[in-house]
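Working notes, structure below.
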Amino acid sequence: MGILGEERLRTLGVYVHCPFCVSKCPYCDFRSVVDASIPEARYIRCLESELAAIVAKEGLHLQGRPLESIYLGGGTPSLFSPEAVASIINPIKKIFIPMEGVEVTLEVNPESAERSRLEAFLTAGVNRISIGIQSLDNAVLAALGRSHTAVHGREAFNSARAAGFDNVGVDLIYGVPGQSLDVWVETVRRVVEMRPEHISAYCLTIEESTPFHPIYSTAEGKGRLPGEDIEIEMYAGLLQILKEAGYSQYEISNFALQGFEAVHNSRYWLGKDYIGLGSSAHSYLYYPGWGRRWWNEPSPYAYMDKVEGQGAALSGSEELTRGEAASEAMVLSLRMLGKGIDGGSFKKRFGIYPREALTGCDELVSRGLVRFTGEDICLTDEGALLSNEVFLRVSV
């Protein structure tokens, strides 16, 4: 068939970064800005210009590709008007070929989740909502610096259902200062009672670039965090509750009812192609060579200036080496619990089996962190708990 023919058959995902927020959460290191007056029309014009420029540059490498997913993330993309969201989605669907049931996700904060607004987003082409509830405990939400309450979180979910969304995801955070195991378990149980199709649960990470870092990187600050042992118990409790409730853990931090795994996010873990639009957005294409990626200006204002002046806002790019591509494939694929890495496919692409890319592989097996079926490999439940230890053993 040839490389170009293979590319034409490869599905595509498109990520759109919407970088504006009403306020900045003190734990968040995502690229976003607080702006009381969002330059909505200007930003969308730049998104359309950037998309056209990418397609013109890539030519036959992109034209006619099957479109599997669109993901509007942020920031707070639900701050954009439904009309603006439609004007983002429609050009993407016109340029590529939407697959049947193409997933279109919009991240939503509880503060911008009124029923009428969500109904308009559904009409605009969004068919999946991801709500940043984070917790159903007011003290935990206050510790996170969130501006919504537990009641707002439940109301946002109910509004999504009333608006007609039958694919709703909920994001949660554990390991929060002052958060006990019992409080965390209660939040998980209450979320399960709501019955979202998808649940993402992340352990709080204290990032250097955030206001939390100078507070919680000191000895006194670290003492206010639950600690690693409690965090492991929180994760174990999460697994037990969700498993009993019928949720499948398909990735280390992600759980879904049958048939509701996040299509777009799975693209990242499976090493599939995606295009990123907007400030700080990243793109990845499988070809040529071992793959390549590029990324945009992080500031939305510099991004818009560059697109308007040059047609693009590229900040950097790289072509992967074989070692980089193989290492990334190992780490990302291992995150997909239950699937892991197909040994034959890995061997075909990189010339080695996955076990050859793991230092001390036999030890990891004996400790029960990874499991082999022939040459296929995946993390065990214990390995998911200690995944970083496994990932550090990847060496190609």
Nearest 0.05, what FRET efficiency do E100 and R371 give at R0 = 30 Å with Cβ-Cβ as r?
0.30
Can you list, largest first and rounded to whole Å, the semi-axes you get for the stretch 294-343 by taking the square root of 5 times each eigenvalue of its Cα gyration tensor?
35, 13, 7
With a bin width of 5 angstrom, please list the P(r) values of the stretch 329-396 as percents of all Cα-Cα pairs, from the 0 bin to the one holding the largest distance.
4, 19, 35, 29, 11, 2
Hypothetical label at A41: residues of the stretch 64-100 whose amide nitrogen lies under 13 Å (7 Å Cα-Cβ projection):
84
Cysteines without a disulfide-compatible partner in the chain, using Cβ under 4.7 Å as the rule?
C18, C21, C46, C203, C361, C378
Mind putting a number on the dipole of the stretch 1-117 about its Cα centre? Charges go on the C-beta only, +1 for Lys and Arg and -1 for Asp and Glu, and I need it in Debye to the nearest 20.
200 debye
Rg over Rh of the stretch 59-163, using C-alpha atoms and the Kirkwood radius, what does it come to?
1.07
When the accessible area of the stretch 228-307 is split by element with a 1.4 Å probe, what percent falls to carbon and sulfur?
54 percent
Scattering profile of the stretch 79-118 at q = 0.24, 0.35 Å⁻¹ [log10 I(q)/I(0), Debye over alpha-carbon scatterers]:
-0.90, -1.24
Net dipole in debye of the stretch 231-340 [+1 Lys, Arg Cβ; -1 Asp, Glu Cβ; about Cα centre; nearest 20]:
320 debye
Check V104: other-chain or 5+ apart residues with amide H under 5 Å from its amide H, H built from backbone geometry?
I70, N127, R128
Accessible surface of the stretch 1-121, 1.4 Å probe, proportion on carbon and sulfur as whole %
56 percent
Explain nothing, just the number: dipole magnitude of the stretch 310-369 about its Cα centre with +1 on each Lys and Arg Cβ and -1 on each Asp and Glu Cβ, in debye rounded to the nearest 20.
260 debye
Stretchable slack from N388 to T218, in nm (0.36 nm times residue separation minus alpha-carbon distance)
58.9 nm
Looking at the calculated P(r) for the stretch 255-368, what percent of the C-alpha pair distances fall above 17 Å?
65 percent
If you average the sequence gap of Cα pairs under 8 Å that are 6 or more apart and divide by the length of the chain, what percent do you get for the contact order?
14 percent
All alpha-carbon distances of the chain, grouped into 20 Å bins from 0, give the whole-percent distribution 25, 60, 15, 0
For the stretch 149-195 and the stretch 286-341, write down the distance between their C-alpha centroids in whole Å.
32 Å
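The values are calculated or read from the model by the stated rules, or taken from the named source; none is laboratory data. The structure presented is a predicted model; accordingly, all values stated were derived computationally and were not measured. Neighbour counts run over all protein chains shown; Cβ positions are idealised from the backbone, glycine included. The area values use the complete protein model at the heavy-atom level, side chains included, leaving out ligands, DNA and RNA. Shrake-Rupley method; radii C 1.70, N 1.55, O 1.52, S 1.80 Å.
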